[in-house]
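The values are calculated or read from the model by the stated rules, or taken from the named source; none is laboratory data. Source: prediction; values computed, not measured. Virtual Cβ from ideal backbone geometry, glycine too; neighbours counted across all protein chains shown. Side chains included, ligands, DNA and RNA excluded: accessible areas come from the protein's heavy atoms. Shrake-Rupley method; radii C 1.70, N 1.55, O 1.52, S 1.80 Å.
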Amino acid sequence: VDSMWVLKVKRKSSGVIEKFKARLVAKGYTQREGVDFWETFAPTVAASALRAFLTVCKVKKMKIHQVDVATAFLNGDIDGEVYMKPPKEFCKPGFVWKLKKSIYGLKQSPRCWATKLNEVLSKLGWSHLKADRCIFKRAEPDGSSSYLLTYVDDFLLAANSNEKMDVIKEELKKEF
């Protein structure tokens, strides 16, 4: 699979340059099914499940926070062997890198991330609802429940207190 740099200039609301960002991505559009990837499916929350989630949280008077996982796809473990041509400035022609982690641009990266996320959440005591695999519930020591809704690399967290919310965020921060 070929690679390329994606460059971006981040600006403040005033238009002043805040920072320059660069991300190395795979040219996933060059991948061939059965050769470079096998499975690509990753669940996404249904709109009706999102509405139900927000309704339950409102009725239970829960706190809701939105969390974005920075560089989420880089946490996923590659399933199978994938080789990527590095940018020309890194290696001589003919060299390739064997990827150990998923990278942005690969067709299977969302699936790799979703698999890793499910493993971590399970380890932390979360279980997905039967109605929607993107909504997780965890019983808390005080008898209450906390909820976590996933949408690719974004979460909606719902808990009874800000303190509980902070504990959940710290647990997730340690993992990702």
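Which of (1) open to solvent by 20 Å² or more (accessible area, probe 1.4 Å); (2) in a strand (DSSP E or B) does Leu157 not meet, given it meets every other one?
Only one criterion in (1) open to solvent by 20 Å² or more (accessible area, probe 1.4 Å); (2) in a strand (DSSP E or B) is unmet by Leu157, namely (1).
Quick one: how many residues across the range 48-66 are under 20 Å from the mean Cα position of the chain (by Cα) and surrounded by 15 or more Cβ atoms within 10 Å (Cβ to Cβ)? Lay out the reasoning, then the answer.
Applying the first criterion (under 20 Å from the mean Cα position of the chain (by Cα)) to the range 48-66 yields 49-50, 53, 64-66.
Among the residues that remain, those that are also surrounded by 15 or more Cβ atoms within 10 Å (Cβ to Cβ) are: 49-50, 53, 64.
Qualifying residue count for the region: 4.
Run Gly80 past the list (1) within 19 Å of the chain's Cα centre (by Cα); (2) open to solvent by less than 50 Å² (accessible area, probe 1.4 Å); (3) at pLDDT below 90 and report the number of the one that doesn't hold.
(1)
Among (1) under 26 Å from Lys107 (Cα atoms); (2) surrounded by 13 or more Cβ atoms within 10 Å (Cβ to Cβ), which single condition is Lys8 missing?
Every condition holds for Lys8 apart from (2).
So, in the range 92-112, exactly how many residues are of a type outside the set (S, T, N, Q) and assigned to a helix (DSSP H, G or I)? Reasoning before the result, please.
First, the residues of the range 92-112 that are of a type outside the set (S, T, N, Q): 92-101, 103-107, 110-112.
Restricting the remaining residues to those that are assigned to a helix (DSSP H, G or I) gives 110-112.
Residues meeting the conditions: 3.
Scan the range 91-101 and tell me whether some residue there is closer than 30 Å to Arg23 by Cβ and open to solvent by less than 20 Å² (accessible area, probe 1.4 Å).
At the first step, the residues of the range 91-101 found to be closer than 30 Å to Arg23 by Cβ are 91-101.
Those left that are additionally open to solvent by less than 20 Å² (accessible area, probe 1.4 Å): none.
No - not one qualifying residue is present in the range 91-101.
Note down all Cβ pairs under 7 Å where the first residue falls in the range 115-134 and is more than 19 Å from Lys174 (Cα to Cα), the second is among the hydroxyl-bearing types (Ser, Thr, Tyr) and open to solvent by 50 Å² or more (accessible area, probe 1.4 Å), and they're at least six residues apart or on different chains.
Sorted first by the residue in the range 115-134, then by its partner, the pairs are Cys134/Thr44; Cys134/Tyr151.
What about Ala47, is it small (Gly, Ala, Ser), under 30 Å from Asp132 (Cβ atoms) and without any contact (Cβ under 8 Å) to a residue 24 or more places away in the chain? Step through it out loud before you land on a result.
Working: small (Gly, Ala, Ser): yes; under 30 Å from Asp132 (Cβ atoms): yes; without any contact (Cβ under 8 Å) to a residue 24 or more places away in the chain: yes.
Considered against the rule, which asks whether it is small (Gly, Ala, Ser), under 30 Å from Asp132 (Cβ atoms) and without any contact (Cβ under 8 Å) to a residue 24 or more places away in the chain, Ala47 comes out as yes.
If you take the residues in the range 20-56 that are of a type in the set (Gly, Ala, Ser) and part of a strand (DSSP E or B), which one is farthest from Tyr104 (Cα to Cα)? Give the derivation first.
Taking the range 20-56 and keeping what is of a type in the set (Gly, Ala, Ser), we get 22, 26, 28, 34, 42, 46-49, 52.
If we keep only those that are part of a strand (DSSP E or B) too, we end up with 22, 26.
Working: Ala22: 12, Ala26: 6 Å.
Looking at the filtered set, the residue picked out is Ala22.
Restricting to the range 1-19, what's the tally of residues that are assigned to a loop (DSSP other than H, G, I, E, B), hydrophobic (A, V, I, L, M, F, W, C) and over 21 Å from Ile103 (Cα atoms)? Steps first, please.
Here is the first cut: in the range 1-19, the ones assigned to a loop (DSSP other than H, G, I, E, B) are 1-2, 12-16.
Now drop any that are not hydrophobic (A, V, I, L, M, F, W, C), which leaves 1, 16.
Then keep just the ones that are over 21 Å from Ile103 (Cα atoms); that gives 16.
Going through the range 1-19 one residue at a time, the tally reaches 1.
Return the residues of the range 57-91 that are in contact (Cβ under 8 Å) with a residue 12 or more places away in the chain, in a loop (DSSP other than H, G, I, E, B) and either in contact with a helix residue (DSSP H, G or I) (Cβ under 9 Å, 6 or more places away or on another chain) or among the acidic types (Asp, Glu) (or both); say none if nothing qualifies.
The answer is Met62, Val69, Gly76, Ile78, Asp79, Glu81.
How many residues are part of a helix (DSSP H, G or I) and buried (at least 19 other Cβ atoms within 10 Å of the Cβ) if we restrict to the range 113-153? Steps first, answer last, please.
Quick first cut of the range 113-153, residues part of a helix (DSSP H, G or I) only: 113-123.
Checking which are buried (at least 19 other Cβ atoms within 10 Å of the Cβ) leaves us with 113-114, 116-117, 121.
Qualifying residue count for the region: 5.
Do you know which of the residues in the range 12-39 that are within 20 Å of the chain's Cα centre (by Cα), modelled with pLDDT under 90 and open to solvent by 60 Å² or more (accessible area, probe 1.4 Å) is nearest to Pro86 (Cα to Cα)?
So the first thing to find is which residues in the range 12-39 are within 20 Å of the chain's Cα centre (by Cα), and the list is 21-28, 37-39.
Adding the requirement that they be modelled with pLDDT under 90 leaves 37-39.
If we keep only those that are open to solvent by 60 Å² or more (accessible area, probe 1.4 Å) too, we end up with 38-39.
Details: Trp38: 22, Glu39: 24 Å.
The qualifying residue nearest to Pro86 (Cα to Cα) is Trp38.
For Leu124, are the conditions met, namely being under 23 Å from Gly80 (Cα atoms) and of a type in the set (A, V, I, L, M, F, W, C)?
Details: under 23 Å from Gly80 (Cα atoms): no; of a type in the set (A, V, I, L, M, F, W, C): yes.
No; evaluated as a whole, the condition is false for this residue.
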